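This report concerns only the one structure given below.
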Amino acid sequence: MAGGELTSTYGTVVWDGIGTLRIRYGGTPLRTRLGERTVPIEALRAVEVTDAGLQFVLRDGADPLQSVTQPVELYEFPGVDRALAEEIARDIGQALVRRDVPATASTAWLVAPPPAPDRIEGRDATLTVANGQLTFEYHRSAGRKKKALGDPWSVPLADIADVEWTPAAGLGARGHLRITTAATSGVRPKPQHDPAAMLTRRAAEADALFFAARLLTRIRP
């Protein structure tokens, strides 16, 4: 197969027939902000075609954006032409075998994160990356529990073990960006009380997601 192009309600997927996917996102504000991303076949573990559509299954550790967005599936494409989807999936599957791409976790990032600033403002804090540290500057609205570790509170990037981003889900819900360190307790407070979390602004959720993905690549180069 020479390649193919699939149109979905969540964007367009172009397979070059050799070893590269180009995804032009659309359909939702977040996906539209993502624009176009390039995914090498080495980042894939499998391709599945279901009644819902086409889904790419990435290897763990291949895409920092996916690593921080577990509640949001960025590689599902509903509403595609099933016959063409099956043809592309079959061709990609054969390419995975030819290239002997392992199904194990990737030891390096294979998909670049979107550009992100070094500073982002949330509902209760502002986060800044500078001089090898992540600094939380809490807003006046933040309570005493939030400021328990100091205000501002800085943590070396080398001490950050993980980064997560959770979108706001439902009316009145609040999304958040949160880090985990070696000192993090197994039982965590709610994000609005957690010193290591920032409540995100609904209008800037994509910015928080991009910041989180970029931060993850800094702590796991």
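Computed from the coordinates by the stated procedures, all read-outs in this text should not be read as laboratory data. Note that the structure is predicted; figures quoted are calculated from it, not measured. Positions of Cβ are backbone-derived with ideal geometry, glycine not excepted, and every protein chain shown enters the neighbour counts.
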Percent RCO, i.e. relative contact order, over the stretch 4-98, from Cα pairs under 8 Å lying at least 6 residues apart: 29 percent
The stretch 119-219 shape via C-alpha gyration tensor axes, a/c threshold 1.5: rounded
Estimated inter-spin distance, Ser141 and Glu48, nm [label 7 Å along Cα→Cβ]: 3.8 nm
Signed unit charges on C-beta, dipole axis of the chain, positive-most listed residue Gln66, Thr104, Ala52: Gln66
Label selected from (1) 129; (2) 113; (3) 156, the criterion being volume of the Cα convex hull per residue in Å³ as computed here: (1)
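Within the stretch 70-121, report the GluC sites (Glu not before Pro) that DSSP leaves as loop and that have at most 13 other Cβ atoms within 10 Å.
Answer by residue number: Glu73.
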Residues with amide H under 5 Å from that of Ala168, placed H, sequence gap 5 or more: Gly175
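Kindly put Phe136, Phe56 in sequence by how many other C-beta atoms sit within 10 Å of each C-beta, fewest to most.
So the ranking, lowest neighbour count to highest, is Phe56, Phe136.
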Angle between the chain longest axis and helix 82-98 axis [Cα atoms, degrees, rounded to 10]: 80 degrees
Ranked by how many other beta carbons lie within 10 Å on average, peptides 111-117, 148-154 from highest: 111-117, 148-154
Efficiency of FRET between Thr12 and Asp100 - r from beta-carbon atoms, R0 35 angstrom, step 0.05: 0.75
Restricting the stretch 53-144 to trypsin sites (Lys or Arg not before Pro) in coil, as DSSP defines it, with at most 16 other Cβ within 10 Å: Arg99, Arg140, Arg144
Stretch gain in nm, segment Glu73-Ala203, where the contour uses 0.36 nm per residue and the Cα spacing is subtracted: 44.8 nm
Charge dipole (debye, nearest 20) of the chain; +1 at Cβ of Lys and Arg, -1 at Cβ of Asp and Glu: 960 debye
Estimated FRET transfer efficiency (Ala108, Leu157; beta-carbon r; R0 25 Å; 0.05): 0.90
Hz values of 3J(HN,Hα) by residue in the stretch 27-33 - Karplus curve (6.51, -1.76, 1.60), Gly and Pro given as x: x, 9, x, 5, 5, 5, 5
